[in-house]
Amino acid sequence: MTDAERTRLAAARDNTEHWRHWGPYLSERQWGTVREDYSPDGSAWDYFPHDHARSRAYRWSEDGILGISDEHGLLCFAPTLWNEHDPILKERLFGLTNPQGNHGEDVKECYYYLDNTPTHSYMRAMYRYPHRAFPYADLVATNAARTRDEAEYELRDTGIFADNRFFDIVVEYAKTAPDDIAIRITATNHGSNMAPLHLLPTLWFRNTWAWGRDDRRPALIRTGDRVQATHPTLGTYEWTWSGTPELLFTENDTNTERLWDKPNPTPYVKDGFNSTLVEGKAGCVNPAGTGTKAAAHYHFVLAPGASETVYLRLSTTTHPDPLADLPALFATRQAEADDFYRRVSPSLTDGDGRRVQRQAFAGLLWGKQYYHYDVDMWLDGDPTFPPPENRDMGRNHNWRHLNNADIISMPDPWEYPWFAAWDLAFHCIPLALIDPDFAKHQLDLLVREWYMHPNGELPAYEWAFGDVNPPVHAWAAWRVYKIERRVTGKSDRVFLERVFHKLLINFTWWVNRKDADGRNVFQGGFLGLDNIGVFDRNM
């Protein structure tokens, strides 16, 4: 077998085919992040809680469960679930914010990143969804009652999965071409009883029109047995599906009536599907078959051990029979992924070692996220909303130059849907084994002029860019250079020289700003259990 994945990587590197255009760039969580915080006191975890997420349009990015998006986060796809017992549709992951958890932030879900290739030609992951009502209130209350010396109260501890009363939802993606993505979702009932499941594969546009900067509104329009997705910059895609689901349409606009008791400008708002299915309300989805958010609604009653599979396709190409070749496509992409990882570590046997390494790579690759944050725009606010209060000397006010809209390797797509300089440097070491071009791009990114501060400091992380991470960026660049030379036989001296010159500026900042006593011992750093240091980042 030819090494198809490395051929795709070469085409992406040479800009002949844009295989990285689509990927797992949709965050598992966007609520409660700094970017969505417009409060006067900087209380990000309180300003945009999980309870608002289903009803309130995001400003900077989107979220969903095991979803995908294009590299600019404009068009998004993810599955939505309902078991007929939950008080809300399961559209995104739930967890505790930092003040709620007895050990800080913590996701309270069960999900597994199973496979992924560097160009995302094949991806697989699984979400475990209980038959019974998700214990939102119990998780919050019980963790709040525990001290930091006690164990965390996890989803499994609630008994929600007792007697195997859960569905395993396996989500797979395979690309025929850079802009031609096949989707397979398989739901399996592991319980001993019949159980209902509503599966709503959902396609939507990120809201870019409500903020007073660009009022062009994209559209999802049903045309017969397809949905046409048209965006002023992304172009046009066709979305198709297997079976005969009910098509639902609404708008990705805030439900101001629910949140703030103000009239909605349209009856069709972001939580329209939830209002229709869970609350049984009429008039919440658009009967005209158009909007900026659409779902294919499947309703199954699964027998014990039974599975249901649906296929979908999102493509810029019109296919006469779009689903006919998808099972064969998935088999081909899986075989190519097997071949790719077999060549990554030929010395490993086909046993546990290879499987552990491959799933570890999958976790890294699923952690690539679209990250959007223009600090200058965020500090000033948007024309259609009142200006944020107390921002002039607040969080990140010294970083107005920082303007991020890139795919970045994240510490975690849930707890940290934002980059951290220290974590990113370490991620690039294993990434260089399978995708040295992406690893080099990541290291380059943080020293570019729209990331690096004019004084030479690297941005630490979203909560406070001016905090200091240990100076490991140069070490990571040198390691990536050597790893690429070892695995490919090529030495990218151009990369090394380019990043070296920027890191000289960063080194000068360290010497001038973090060695006040002239001892050649840097002061300040990141203090945390995941990256412990002998110095306090705040001091």
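The values are calculated or read from the model by the stated rules, or taken from the named source; none is laboratory data. For clarity, every value in this text was computed on a predicted model and none was experimentally measured. Here Cβ is always computed from backbone atoms with ideal geometry, including for glycine, and neighbour counts include all displayed protein chains. Note: areas computed on protein heavy atoms with side chains; ligands, DNA, RNA excluded. Shrake-Rupley method; radii C 1.70, N 1.55, O 1.52, S 1.80 Å.
Here are the numbers:
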quantity: Wholly within the range 1-113, helices (runs of 4 or more DSSP H) carrying at least 2 residues that are among the basic types (Lys, Arg); calculated: 4-13
quantity: Of residues in the range 483-508 being more than 30 Å from the chain's Cα centre (by Cα) and of a type in the set (Lys, Arg), the one surrounded by the most Cβ atoms within 10 Å (Cβ to Cβ); calculated: Arg485
quantity: Filter result (open to solvent by less than 10 Å² (accessible area, probe 1.4 Å), out of contact with any Cys (no Cβ under 6 Å at 6 or more places or on another chain) and touching a residue at least 40 places away in the same chain (Cβ under 8 Å)) within the range 431-451; calculated: Leu431, Ala432, Ile434, Asp435, Val447, Tyr451
quantity: Residues of the range 237-285 classified as open to solvent by less than 30 Å² (accessible area, probe 1.4 Å), without any contact (Cβ under 8 Å) to a residue 40 or more places away in the chain and part of a loop (DSSP other than H, G, I, E, B), total; calculated: 1
quantity: Which listed residue, of Arg354, Arg313, is touching a Leu at 6+ places or on another chain (Cβ under 7 Å), more than 21 Å from Ile185 (Cβ to Cβ) and charged (D, E, K, R); calculated: Arg354
quantity: Given (1) at pLDDT below 95; (2) open to solvent by 60 Å² or more (accessible area, probe 1.4 Å), number of the condition Pro470 does not satisfy; calculated: (2)
quantity: Every pair of residues 6+ apart whose Cβ atoms lie under 7 Å, when the first sits in the range 37-52 and is closer than 20 Å to Val375 by Cβ while the second is assigned to a helix (DSSP H, G or I) and not hydrophobic (A, V, I, L, M, F, W, C); calculated: Asp37/Tyr47; Tyr38/Tyr47; Ser39/Tyr47; Phe48/Glu36
quantity: Subset of the range 2-55 [in contact with a helix residue (DSSP H, G or I) (Cβ under 6 Å, 6 or more places away or on another chain), of a type in the set (D, E, K, R) and open to solvent by 10 Å² or more (accessible area, probe 1.4 Å)]; calculated: Arg13, Glu17, Arg20, Arg54
quantity: Failed condition for Glu457, given (1) among the acidic types (Asp, Glu); (2) out of contact with any Gly (no Cβ under 8 Å at 6 or more places or on another chain); (3) over 14 Å from Tyr373 (Cα atoms); (4) surrounded by 18 or more Cβ atoms within 10 Å (Cβ to Cβ); calculated: (2)
quantity: Single residue of the range 145-176 satisfying the filter (among the β-branched types (Val, Ile, Thr), surrounded by 12 or more Cβ atoms within 10 Å (Cβ to Cβ) and not in a helix (DSSP H, G or I)) that is nearest to the chain's Cα centre (by Cα); calculated: Val171
quantity: Within the range 410-424, tally of residues that are not small (Gly, Ala, Ser) and not in a loop (DSSP other than H, G, I, E, B); calculated: 5
quantity: Ile407, sole failed condition from (1) buried (at least 21 other Cβ atoms within 10 Å of the Cβ); (2) in a helix (DSSP H, G or I); calculated: (2)
quantity: Condition met for Thr208 (open to solvent by 10 Å² or more (accessible area, probe 1.4 Å) and at pLDDT 95 or above); calculated: yes
quantity: Evaluation of Pro79 against (1) surrounded by fewer than 21 Cβ atoms within 10 Å (Cβ to Cβ); (2) at pLDDT 95 or above (one fails), failing number; calculated: (1)
quantity: Top-ranked residue of the range 67-120 - restricted to ones that are charged (D, E, K, R) and over 14 Å from the mean Cα position of the chain (by Cα), ranked as nearest to Ser409 (Cα to Cα); calculated: Asp115
